Structures are given as structure tokens and as C-alpha cells.
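FYI, it's all coordinate maths here, none of it is from the lab. Computed from a prediction, not measured in an experiment: that's the story for all the values here. Note that we place each Cβ from the backbone using ideal geometry, even for glycine, and neighbour counts take in every protein chain shown.
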């Protein structure tokens, strides 16, 4: 387990979306308590809410649930209660992603509710639908790739990693951005390793998008994702997500400043053109 550090994000671009939220935690020499998490929720002018209308609140994780309403997702949806473990990076990042993607997180949570209830009523609690699997993969390990150049996004669909990250490297700074969504992906980034792969959604944006402040870019992504998942006609199974070797992003790994880094075919794998990955 990676120990607590108030500067865990130092030198890692992947954590950039979270940095405005980290000020309350900079002075903690050891793990903050759940009351600090609640204080962060209480500090926002507009309370974060679920699709059901419940205001988010932090509660300690409890034991095995006895009925549907006590399960993790229903408790969030119905009561706003996020069961949270102490001294746990996974749950820490879970909370923070609610701040930067509040609409999308609420939509994902709401979609799970009727499907999970149906499974439990049918006595088949462990067999999730393809949509549930896709949403879970994205919620845990998702990333959003925005670009004003469709050809760059097509290179992801075609698994042309060296072409994207090296041969067209100079273009990426002003036309291409990777925004980490999944809280498990943030956790992995504490100790990054070759093999880290995100489940990505590709969004075409105007070139002006990249000149906007980060909070506006994140808000736009949040709105787009919430609309995509609400409509439900584009992403319905795990294979609809795009595999993305996230440490290929320039500067996201200490070794990727040389061309040979991208010759690692165990990480930068080839794929099948017939995959149902999408560009939105």
C-alpha cells in the first residue's frame, strides 16, 4: 500500500484535474479522517447531489447489506451516502472524482440502480449486464480523450500508438488532451507501471476548447459524458470503450522522451480494426 503523502501528485500530469481540490489536504502529515472529506463536501456553494436528489455525504463503510437499499450504489442514489474506508486511496479518489464529474457520476450511479435491483430480485446478483460492466470499467479505469483533429483520434482506434505519441508528438500539445476519469486509474498512478491502460471515450472538440481554463474544460467533458450515458445508444458494452496506454502521453512517464519507449509491443499493442470503439 502506498503511504499517505500530501504531495502525492508532485511531478505527475495525470493528477492535474484533481489539484484544485487538494489544498485542504496539503498540511496533513498522515491520513485525513472522514470528517475532512465531509468538510470538503460541505464547502461547495452548490451541494453535490444524486439523480434522485439526495445530497452527498460521507459515511463509514458498514458490513454486509441485508437488503437492496443497503448496497453501495443504492445508498448513494437514495440517501447520498458514500460508504468510505479510512486510510484508503481508492475511496479518497472516488470522492474527488465526484467533484470534477458530478453529472456523469450521478448518471452512472442512477443507471446501475434498476439493473442491480432486477438482478437481485431474480437471484442473480453476480451476473451484471454488458452495460453495467462497461459503466464499471469506465468509472474505475476510464479516461476521456479530447481532440480537435479527428485523425489523431482515429490513430487510437487503429492502435497506431507510435504514430500518435511519437511521430505526431508535436501536434498533441494544442490539439489533444487526456483527462483521467476513473478513481482506480488515479490510484494506480501513485505507483505507475508499464501496462497501465485506460478505457477511453473519444470526444471531438473545437480547437478553442484547449484555450479555456481547466474548470471549463472539465465541465464540458462532464456534460458530454452525462448526455452520452443518459441517451445510452453509443456505449453499451466494454468493447465500445477504446483501450488507451495512458503512459504513452508525452511526459506521463519518465522514459517516454525517447523513440524506443514506443517499441514496447507488450504495452503498445496492436488491435483489431473491427472493434466497435467509437469517436463522439
Divide the volume of the convex hull of the Cα atoms of the chain by its number of residues and quote the answer in cubic angstrom per residue.
140
Longest principal axis of the chain (C-alpha) makes with the long axis of helix 89-100 (C-alpha) an angle, in degrees to the nearest 10, of 80
Over the Cα atoms of segment 1-145, how large are the radius of gyration and the largest Cα-Cα distance (Dmax), in Å?
16.1, 49
Folded to 0 to 90 degrees: helix 214-231 orientation relative to the chain principal axis, Cα
70
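In whole percent, what relative contact order does segment 136-263 give with Cα contacts below 8 Å and a gap of six or more residues?
35
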Using the per-residue mean of other Cβ atoms lying within 10 Å as a proxy for protection, in what order, highest first, do the peptides 96-107, 3-14 fall?
96-107, 3-14
Can you tell me the order of 216-228, 141-153 when each peptide is scored by its average per-residue count of other Cβ atoms within 10 angstrom, highest first?
141-153, 216-228
Per residue, what volume in Å³ does the Cα convex hull of segment 19-105 take up?
95
Restricted to segment 136-263, the DSSP antiparallel beta bridge percent, nearest 5, is 60
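May I ask what percent, to the nearest 5, of DSSP beta bridges between residues of the chain are antiparallel?
50
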Give me Rg/Rg_expected for segment 154-223, where Rg uses Cα atoms only and Rg_expected = 2.2 N^0.38 Å with N residues.
1.22
To the nearest µm²/s, what D does Stokes-Einstein give for segment 58-143 at 20 °C and 1.002 mPa s, using the Kirkwood radius over alpha carbon pairs as Rh?
156
Quick one: compute the contact order of the chain, relative version, from alpha carbon pairs under 8 angstrom and 6+ residues apart, as a percent.
20
For segment 136-263, with equal point scatterers placed on the C-alpha atoms only and solvent neglected, what are the log10 I(q)/I(0) values from the Debye formula at q = 0.13, 0.19, 0.21, 0.23 1/Å, to two decimals?
-0.53, -1.18, -1.43, -1.63
Taking 31, 252 and counting other beta carbon atoms within 10 angstrom, the fewest-first order is 31, 252
